[in-house]
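Participant: Just passing along the structure, written as structure tokens.
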Amino acid sequence: MFIVHVFAHVKPDCVEAFKAASMENARNSVREPGIARFDVVQQQDDPTRFVLVEVYRTPADPAAHKETAHYAKWRDTVADMMAEPRSAVKYHNIFPDEQGWD
């Protein structure tokens, strides 16, 4: 598995709109064959901070995700909502191994 954590800090007046756009993107993303999981999480002590936890089946799948219409719509919709640029950290799972995900 190939995991990406996308960190987003949104403007306070954009929290609800960001949540709505991100949930729509996530609902469509989990239908992609290369995505095993797609979580949208909000920080408890600072509701303007989010992490998108994207679990892909292969390292090539994030590029395929970025080619989808729903990703482009999300990217364009949330662009002006950011309090600072998004950042991402890439991981690979060590437990459970791939057999544990099926």
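Read-outs throughout are calculated quantities, based only on the coordinates presented, and are distinct from any laboratory measurement. This structure is a prediction, so every number in the text was calculated from the model and none was measured. In this analysis, Cβ positions are derived from the backbone assuming ideal geometry, glycine residues included, and neighbour counts consider all displayed protein chains.
Participant: Highest mean first, how do 49-57, 33-41, 67-75, 87-95 rank when packing is the count of other Cβ atoms within 10 Å averaged over residues? Could the numbers behind the result be given before it?
Facilitator: Working: 49-57: 18.6, 33-41: 15.8, 67-75: 13.9, 87-95: 10.1.
With the highest mean Cβ count within 10 Å placed first, the list reads 49-57, 33-41, 67-75, 87-95.
Participant: What is the chain's relative contact order, in percent, from Cα pairs under 8 angstrom and six or more apart in sequence? Show your work: numbers first, answer last.
Facilitator: On the way: 153 pairs, mean separation 45.2, N = 102.
It rounds to 44 percent for the chain.
Participant: A further question on this structure: Summing -39500 (n - 2.57) over the DSSP H runs of n ≥ 4 in the chain and dividing by its residue number, what mean residue ellipticity at 222 nm do you reach, to the nearest 500 deg cm²/dmol?
Facilitator: Value at 222 nm, helices only, nearest 500: -9000 deg cm²/dmol.
Participant: Please work out the C-alpha center-to-center distance from the stretch 14-45 to the stretch 46-93 and express it in whole Å.
Facilitator: Here the two parts' Cα centres lie 9 Å apart.
Participant: If a/c stays under 1.5 just call it rounded; otherwise compare a/b with b/c (prolate if a/b is bigger, oblate if not). Do that for the chain, with a ≥ b ≥ c from the square roots of the Cα gyration tensor eigenvalues.
Facilitator: Working: a/c = 2.16, a/b = 1.56, b/c = 1.38.
Since a/c reaches 1.5 and a/b is larger than b/c, the shape of the chain is classed as prolate.
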